[in-house]
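What follows draws every value from the coordinates through simple rules; no lab data is involved. All values derive from a computational prediction rather than experimental measurement. Cβ atoms come from the backbone with ideal geometry, glycine included; neighbour counts cover every protein chain shown.
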């Protein structure tokens, strides 16, 4: 699950703070500064003036490298020579150097939005005259399917809904950056996984991280197919049936009676599925809650121990303690008692 495509697994989200910092650096890269230039420019901002030797000592970078960076900052307007000493440089005010660049970016973004509105209007006009075969687009090849999955998540405004099967077939990077960006802008993710997915190493920790960022995860013993659906407007389904190991392509379903059927199938599955995590769980009861939920989902003691990072003996001991607390003598009775007592 740590390496599958989002149509096959829940990816591991990154730390929000690190992502925000990376976003700030990316903004400066977009206006012409890479990481080393940003670092030296930030140092200059804190000093009346500095030369290459001083900045090399502060940054730990080779002097020749710092000199090239300073030349780049000067040529791009981020720094200027000191009037009193031409060997020293002073930082240009950020507002002076960045505001014109940002204004130009905003102008281009506004033009892009206008183009998007015009193209979307043309698309809607064409969609009204779609014939039956036109409600489906065929996406051929694994690489093309991966690309389309990323595009769908990047285009999502409100929701992404996913079916994840036990057998992964599309492999990609360890992090689904498309999901990270979508969650960051408030897109709601609802994911249903087959029980077998929970056998993947690290699944539970990954699901918890996704849950903390707003993704809801539920579990069913089996699902009919892989699926990713965006905003209830587009759905991507594999060409091959459940159980096939290779990917030949996928079908992109546009608004139609067929999409209505897909939406209905997802909702029925969602209502029938069991929630993997409970946002209302008290921290003190979290460990027992996790253990009970995994057992109620039909996982073996070995699988539970792998997901929780404890030994099988520890799992069995904790189950015995919970049975004693609940006043029951079998695991089946424990499951019923856990629900009745509100433990899960």
Efficiency of FRET between residue 121 and residue 184 - r from beta-carbon atoms, R0 30 angstrom, step 0.05: 0.60
Efficiency of FRET between residue 154 and residue 71 - r from beta-carbon atoms, R0 41 angstrom, step 0.05: 0.65
Order of 46, 300 - criterion: other Cβ atoms within 10 Å of each residue's Cβ, fewest first: 46, 300
Region 134-275: C-alpha gyration tensor shape, a/c 1.5 cut-off, then a/b vs b/c: rounded
Region 283-340: projected area of the alpha-carbon convex hull, averaged over directions, in nm²: 3.8 nm²
Region 283-340: relative contact order in percent, alpha carbon pairs under 8 Å with at least 6 residues between: 25 percent
Rg [Å, one decimal], Dmax [Å, integer] - region 182-261, C-alpha atoms: 14.3, 39
Cβ-based exposure ranking for 92, 75, in which fewest neighbours within 10 Å come first: 75, 92
Packing rank of 230-238, 198-206, where each peptide gets the mean count of other beta carbons within 10 Å, highest leading: 230-238, 198-206
Length-normalised contact order for region 134-275 - Cα pairs under 8 Å, 6+ apart - percent: 31 percent
